[in-house]
Amino acid sequence: MSLRNLQRPWRIALAALLIAAIAIIDWRVDLNLSFGFLYLFPMLILGTALERWQLIVAAVVCTLFSDLFDPFAFHLLTSGPQDILIFSSLAGTGLFSYEASRSRLRIEREAAARREAEEQLAFVIESSPAAILTLRHDAVVLRANSAADRLFGLPSRQLIGQSIQPYIPALGRVPMAGQNQQTFRTEMQCRGHRADGAVFLANVFFSTYLTHGGPRLAALVVDASEDLREREEAGLEQLMAGSRILVGAVSHEVRNVCGAIAVIYENLARSGRLEGNQDFEALGSLVETLGKIASMELKQSAGQPAVGPIDLLETINDLRIVLEPYCHEAGIEIAWEVPAELPPVWADRHTLLQVLLNLTKNSERALEDAENKRIEIRVTPGSKVVLLRVTDSGPGIAAPDKLFQPFQKGADATGLGLYLSRAFLRSFRGDLRHDPAVAGCSFVLELAAAGPYESHYGNAEKQQGNPAVVAR
């Protein structure tokens, strides 16, 4: 068993026995030789067990024993420097042993902590659901966790030693960090390939760094195919819902025109002047058929947005995440007046967010040439209706009576944005209207509350008498 494995009291006891044995030997052995140098060995042992001041005391005691049992007579001129030299040697040896043992202990603790951290990091990497890779300068995989093997459809540990090029070509083309090249700490979205040839959308977060063995690249890869599918399906559902509303509006207008044509046809038929005319009868059949087509009601289907109680505060937070960076880049000040608590409202979260984005995008376009660029979003909750007002400091609306008409002249696109936005809100028991009494351009979204909500806002509504207008 080594000396390091002995407990502290045993090391002190062993050093004391050695000091006593050296003192007895120096006392009993009658030689013209001092055995004081032997005290260096117990001082080495004491250096691993005592503190600094205790080592100084032990060095003084050993020096006194060496001087006491010295076979030569004591002379101040000769023995004084000798005692100083002995004390310095003993104290220096003890302090050296003390520092060496403390350094060794510190190194061992650091090594143990490093091993524990490495084990924890290895466990986190291995148990991570995301693929984690380390690449060499030539895009060869040096390390990969089990999630990486599953992502690329390979047997366990099969990816290590292969090039990443067949699986994520874009990652293999990233320039590695070198002496004269910049490092990368960024993310990208690209196409990935599995071993069986299947393609998936990959979100890659990577960084490059330089080591003694050369440049390296560390990457975290996540399969984002499901997010892409959900996003595209949501976009398709939104498109279909908007198309149904648009077709319904066109059918309504066609039905009105067909009604007018049918009246004229019946008047001509009663006059009898075109009786027996085949072209006239064919025209009547066409009008009747067109009227039937225009009268068809569009049925509710599973593809329409799912309307239900939603958390309005979460939807507004999503709007802030999307909107604030754009407003910051455009130099637009955006003010939020949203209470900390809001009742749930009847709506489809994705559709309501699209309506809010449409209104705020219109405000951004209106503020491009304005001196004062400001958008204010205010929410006023009530017992039955929650009002959400979007106001900008733009020039306002020239013809507010034509705002919600489709296919307007002078619109940026088809002129359907506001028309569809109001139709969406009305589809879940809400409404959208323009408030001309407010300076600039102000739209009010009326959302039906999905549960009871009693607060000072509800009392303020009753006192105002008009819940659709929010005082500035």
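Values quoted throughout were computed directly from the atomic coordinates according to the rules given, and no laboratory measurement underlies them. What you are looking at is a predicted structure, and each value in this text was computed from that prediction instead of being measured. Please note: Cβ atoms are built from the backbone with ideal geometry, for glycine as well, and neighbour counts cover all protein chains shown.
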For the peptides 87-98, 148-159, 364-375, what is the packing order when you average, over each peptide's residues, the other Cβ atoms within 10 Å and list the highest mean first? 87-98, 148-159, 364-375
From Cα pairs below 8 angstrom and at least 6 apart in sequence, can you work out the relative contact order of region 103-179, rounded to a whole percent? 20 percent
Amide H to amide H, which residues 5 or more places from Val385 or on other chains are under 5 Å from it, using H placed in the peptide plane? Ala449
